[in-house]
Amino acid sequence: MTSATFIWFGSLALAVFGLCTSENGSIWAICAVSLAIAFQLLGGAGRKPVIVAHISLFWVAIFGGILVRDLSAKSFDQLPNERLAILLSLGALFAIALGYRLGYREPVAQPATVESHLNRRKLVAGYWIAFVAASGLGYVAYAYPELTQPVLAFIGVKLLLLYLVCAQTFADRRGFGMLVLVVGAELVEGATGYIASYQVPLLIVLAASLSAPKGSLRLSQVAVGAITMAVILWVSLVWTAIKVDYRDWLEVEDPAVTAQTGARLDWIWNRVSDGINYPVAFVKMTSRIGYMEFYGLALPRMGNNTTNYYLNGLLNVIMPRLIFPDKPVLDDTKITTEMTGRQFGRAASVSIGFVPQADSDFGFPLMLLPLFLVGYLLGKTGSYFQARNCSQFGRDAFMSAALVFKFTYENNIDKALGSFFLSTFALFLIFRFVYKPFENWAAIKSASSTRNLSSRRHAVAPIPR
């Protein structure tokens, strides 16, 4: 069974399940089949796991809106604006997928800098150095808020090395113990902060585990991919259940205590040991990822909205805070309130996403053009890094670091554009000045390549006659 056949079979099965069990069976079936259509629109770009993950997460945000209403036993017949929001969002999904297809081109393979594998131990050593450095940069960003985006953009080097460690581990078929330690460190760091950030490194691991430059995936890679997805789901459920109490504890406890990772882990462990109500956590998590309600609330108000969100997003990119320190602070909640009319608490940070903002700025169907350009831009970025002169692992690592968790459904356009351009520029600088020397250092050169290099060095030039 080919991957396309498997996807269509799964989508049709999900559609039939929805028709048989859901009060909103028709919209459920449309959404289920739309996933298979989106993968078809991806074309060759659909061979890259990081692109598949992006489209899948975007679809999950749309499908979450249906689950929210099913779990609350509400019919979309009573919520026509939300139903329209889902259909418009599926149109946005198709536009982005088509943009990926036309923007991404499988480049003619560049000659690799090295002709063999990378030294896994050197990669692990580099990763731990980057891990410590990234933690230090996080403190710098906290101390100097105006430097937050530029500083955090360079943390992408840690994601590069994480991908390389994972990919090389599968290539060597050894070192899985160290890989577990590396992934565990990322999970601990990402799950013990005030705002969870475990998703990005786990998605990098997922992309690396499912990458197979030549030949088919091994069973071990599929197993790790499945385990990673299960871990993401479980940690997300736990975080949803405990985050309110955990943040309250961080705010009232002695800072000398909360600064210790061990103390944070102890609190989380004790809370999990007391028991997690997973059904309730699932309902809360589904509600959190279901953005269709906000979109539905915003639809009737769009005719009265005079703000141009995409223009403001472009201005935010070309006016870096380092040069324009008086630039207004981005406020997702303020924008969501402006578009929906709903008020939120001060502690909340609620975004509505760049799709409703495109609808507000351009209306349907013109909104599909900027969304198509988003996919085209992401596809072109992937093509650029795939054409770099380095190992295939290196090309895939840069592409994954550039695209992972970019332009997710809930991202407002100003933050999405700013984060994307800064992180991509940082990756460009890393490749230009750091990565190639690092890869040469980490390379395990084969005997044949060494002999070829030696013969070239000692070759005698012909004597001109």
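Any read-out appearing in this document is the output of simple, stated calculations on the displayed coordinates, not a laboratory observation. Everything numeric here is computed off the predicted structure, so don't read it as measured data. Methodologically, a virtual Cβ is constructed for each residue, glycine included, from the backbone with ideal geometry; neighbour enumeration extends over all protein chains shown.
Numerical summary
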{"quantity": "The range 251-291 - Rg (one decimal) and Dmax (whole number), Cα, Å", "calculated": "14.1, 38"}
{"quantity": "The chain: calculated mean residue ellipticity at 222 nm from DSSP helix runs of at least 4, using -39500 (n - 2.57)", "calculated": "-22500 deg cm²/dmol"}
{"quantity": "Debye, to nearest 20: dipole size of the chain, +1 on Lys, Arg Cβ, -1 on Asp, Glu Cβ", "calculated": "2240 debye"}
{"quantity": "Leading residue at positive end of dipole, the range 3-444 (Cβ point charges), from 13, 270, 205", "calculated": "205"}
{"quantity": "Residues of type lysines that residue 74 reaches as a straight line, Cα spacing below 19 Å, ignoring anything fewer than 8 places off in the same chain", "calculated": "284"}
{"quantity": "Distant-in-sequence amide H partners of residue 443 (H built 1.01 Å from N, under 5 Å)", "calculated": "119"}
{"quantity": "Identified option (computed Kirkwood radius over Cα pairs in Å; candidates (i) 31.1; (ii) 24.0; (iii) 22.5)", "calculated": "(ii)"}
{"quantity": "The range 28-69 versus the range 344-387: alpha-carbon centroid distance in Å", "calculated": "15 Å"}
{"quantity": "Under 21 Å from the Cα of residue 415 - lysines, other chains or at least 8 residues apart", "calculated": "327, 334, 380, 406"}
